[in-house]
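Heads up: the structure comes next, in structure tokens.
The values are calculated or read from the model by the stated rules, or taken from the named source; none is laboratory data. Predicted model only: the values in this text are computed from it and were never measured. So basically every Cβ, Gly included, is an ideal-geometry build from the backbone, and we count neighbours across all protein chains shown. Ligands, DNA and RNA are excluded from the accessible area calculation, which covers all protein heavy atoms including side chains. Shrake-Rupley method; radii C 1.70, N 1.55, O 1.52, S 1.80 Å.
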Amino acid sequence: RGGVLCRAPIPWAPPGGGGAPNPAATAGLFGVVHLGAGPPVYALLAAAYGLAFGVVVEVTRSLVAVIAAHATLAIGLTLVWPRLFS
């Protein structure tokens, strides 16, 4: 198991070896990665979305919904949102 980009390289795993990284630790790293994207509130929002996405992956055991949600957010925030307020 692992993830597309942010979940695969995380070294923290549950006790006993194997398994996926802790969603909270992954969300924290996801927020840190987004610190350069703008104001610190963006990093907090990214961490919140990262936690939600991590929980979805843990429950569904699939990345499909998370990939679709992340793509929708990225397209919406970078292409649609700025055009609405320009």
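Some observations on this one:
- Residues (in a helix (DSSP H, G or I), open to solvent by less than 50 Å² (accessible area, probe 1.4 Å) and not hydrophobic (A, V, I, L, M, F, W, C)) located in the range 48-70: GLY50, GLY54
- Comparison of LEU73, LEU77, LEU45 shows that the only residue that is at pLDDT below 85, assigned to a helix (DSSP H, G or I) and surrounded by 13 or more Cβ atoms within 10 Å (Cβ to Cβ) is LEU77.
- Residue pairs meeting the criteria (Cβ under 8 Å; at least 6 apart or on separate chains; first in contact (Cβ under 8 Å) with a residue 60 or more places away in the chain, in the range 53-71; second among the hydrophobic types (A, V, I, L, M, F, W, C) and in a helix (DSSP H, G or I)): LEU63/VAL57
- Looking only at residues of the range 29-42 that are part of a helix (DSSP H, G or I) and surrounded by fewer than 10 Cβ atoms within 10 Å (Cβ to Cβ), we find that the one that is modelled with the lowest pLDDT is GLY36.
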